[in-house]
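The values are calculated or read from the model by the stated rules, or taken from the named source; none is laboratory data. Note that the structure is predicted; figures quoted are calculated from it, not measured. Here the Cβ positions follow ideal geometry from the backbone for every residue, glycine too, while neighbour counts run over all protein chains shown.
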């Protein structure tokens with residue numbers, strides 16, 4: 001096909017392709033063979049968009065294979081993915097949960113997820129996200145427009161990095177802003193042997209040195 005969608009995994013693939021590629025005019029021909037997606041023709045301006053050669057094709061083949069496995073499990077259970085999930089919604093959920101958004105602050109605090117992306121990634125409701133933020137178990141930043149975003153560095157898979165809440169508790173919420181905290185977490189320092197606090201927390205947990213660095217930083221920020 002050159003226009004429109006196939007059924008099942010072909011439709012999902014087409015939607016993922018459109019969302020991920022972002023080329024003005026894309027033409028692709030996809031054939032579904034035994035539940036697996038086999039690209040026949042990719043007329044894609046990959047070089048102009050900066051994608052590595054064959055990247056989108058590899059992505060879609062991998063998604064097709066995984067989708068086929070899940071689809072088979074649903075059939076065994078007497079259920080249908082097609083009836084339970086709209087392809088466009090499923091594609092959006094996959095992208096939001098897996099791919100952090102770029103940001104002007106990437107050099108300082110790294111990439112980030114939207115609130116909906118965090119909900120998808122952690123499989124929790126919006127009220128639970130708000131509770132985690134209120135309990136200082138999740139670091140939330142606000143853009144100039146007031147949009148909440150969540151630095152990727154605080155996540156490990158589908159969980160929040162262990163020890164983050166205890167580390168953040170060293171900083172009084174009313175005295176240290178979230179952006180200041182995020183910058184501190186991501187910035188290497190001499191007292192930590194040129195490593196960042198988030199690196200140490202990820203690799204070694206809440207060490208004595210990290211606790212001491214947090215206590216000292218909280219004093220500086222509170223002055």
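Tabulated data
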| quantity | calculated |
| --- | --- |
| Region 124-148 residues that are touching a residue at least 12 places away in the same chain (Cβ under 8 Å), paired with ones that are surrounded by fewer than 13 Cβ atoms within 10 Å (Cβ to Cβ) and not in a strand (DSSP E or B) (beta carbon under 8 Å, 6 or more apart) | 136/173 |
| Residue within region 209-220 that is assigned by TED's automatic domain parsing to the domain that holds residue 152 and assigned to a loop (DSSP other than H, G, I, E, B) present | no |
| Test: residue in region 162-177 that is touching a strand residue (DSSP E or B) at 6+ places or on another chain (Cβ under 9 Å) and surrounded by 17 or more Cβ atoms within 10 Å (Cβ to Cβ) | no |
| Condition met for residue 166 (in contact with a helix residue (DSSP H, G or I) (Cβ under 8 Å, 6 or more places away or on another chain) and within 21 Å of residue 213 (Cα to Cα)) | no |
| Single residue of region 147-199 satisfying the filter (more than 18 Å from the chain's Cα centre (by Cα) and in a strand (DSSP E or B)) that is modelled with the highest pLDDT | 195 |
| Of the criteria (1) surrounded by 14 or more Cβ atoms within 10 Å (Cβ to Cβ); (2) out of contact with any helix residue (DSSP H, G or I) (no Cβ under 7 Å at 6 or more places or on another chain), which one residue 144 fails | (1) |
| Residue under evaluation residue 77, criteria (1) farther than 26 Å from residue 209 by Cα; (2) surrounded by 13 or more Cβ atoms within 10 Å (Cβ to Cβ), criterion not met | (2) |
| Filter result for the condition that a residue is outside the structural domain of residue 195 (by TED's automatic domain parsing) and surrounded by fewer than 16 Cβ atoms within 10 Å (Cβ to Cβ), over 159, 130, 84, 126 | 84 |
